[in-house]
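Take a look at the structure set out below.
Values quoted throughout were computed directly from the atomic coordinates according to the rules given, and no laboratory measurement underlies them. Note that this is a predicted model, so its numbers are computed, not measured. Positions of Cβ are backbone-derived with ideal geometry, glycine not excepted, and every protein chain shown enters the neighbour counts.
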């Protein structure tokens, strides 16, 4: 793009007939490139959806689960019912009670599903997500929490944006579902994030990405790290900052990609009073090296092999 801009500026400076023609030619090639990428994206989505390879899925969707036994099925079903079928679904049971394990076990024969069970609860979603990242086979990793719901076209839309805009991370808007008797300033049905320009400089001021809408190229997470498990809040913000600092290209769509459930057990509700502290921690920690070895999960931390793969 820099070379094109230089050529365009030089010919514009000449302020002649040929400069005008060259400017139009450059714009035409730019337009054709956009159209070609769009056609290719649509063709790739169709082809990989019609002829999926189970050992090499396009997406790995990671759902960390503790309890929420009454609604976890909604999260799982929202992925299994996606319009785009070339994915694996990794369900990470994080020291879950038996009632939740029984619900998740209902899906163990589904060809899309792989289940992992940690013996002890880690206290937040970070460890479960990190296990999912390490076990993922897909080229893109998408995140969803066990109390949220993906829209049916989420994966299809995300893949289109990856191919069309040649980016490394895709996010979007989400719609809030506020549970009854939840003390929250968030009105039911409020649209969160989406459409905001997402740069490193912008992320230093605020987090404009909802984890329930995020998909990212696996190579970026393997290279630059996953979630810091010592972060109790804004762990997602710290990760987006770290990726952006190393040049990760973001696309934040204005389209709704998920429904975000607001309830008393949300981290936002629990840690809101400490937000300033965790915001400063995110700004500080993202500049420090991330070592995957620090967050290893040994086989003895996982339950029986029948639950593993």
Order of 177, 39, 133 - criterion: other Cβ atoms within 10 Å of each residue's Cβ, fewest first: 39, 177, 133
Footprinting exposure proxy for 165, 66 (fewest neighbouring C-beta atoms within 10 Å first): 165, 66
Principal axis dimensions, the stretch 107-161 - Cα atoms, whole angstrom, descending: 38, 25, 22
Ratio Rg/Rh, restricted to the stretch 52-295 and using Cα atoms, in which Rh is the Kirkwood radius: 0.93
Segments 97-104, 148-155, 167-174, 67-74 sorted - mean Cβ within 10 Å per residue, highest first: 167-174, 148-155, 67-74, 97-104
Estimated translational D of the stretch 43-130 in µm²/s (Stokes, Kirkwood radius over Cα pairs; 37 °C; 0.692 mPa s): 240
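Arrange 199, 48, 213 by Cβ neighbour counts within 10 Å, fewest through most, would you?
Details: 199 12, 48 18, 213 30.
Fewest-to-most ranking of 199, 48, 213: 199, 48, 213.
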Relative packing of peptides 224-231, 55-62 - highest average C-beta neighbours within 10 Å first: 55-62, 224-231
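Using only alpha carbon pairs under 8 Å that are at least six residues apart, calculate the relative contact order of the stretch 52-295 and give it in whole percent. Can you show the working numbers first?
Numbers: 491 pairs, mean separation 54.2, N = 244.
The normalised contact order for the stretch 52-295 reaches 22 percent.
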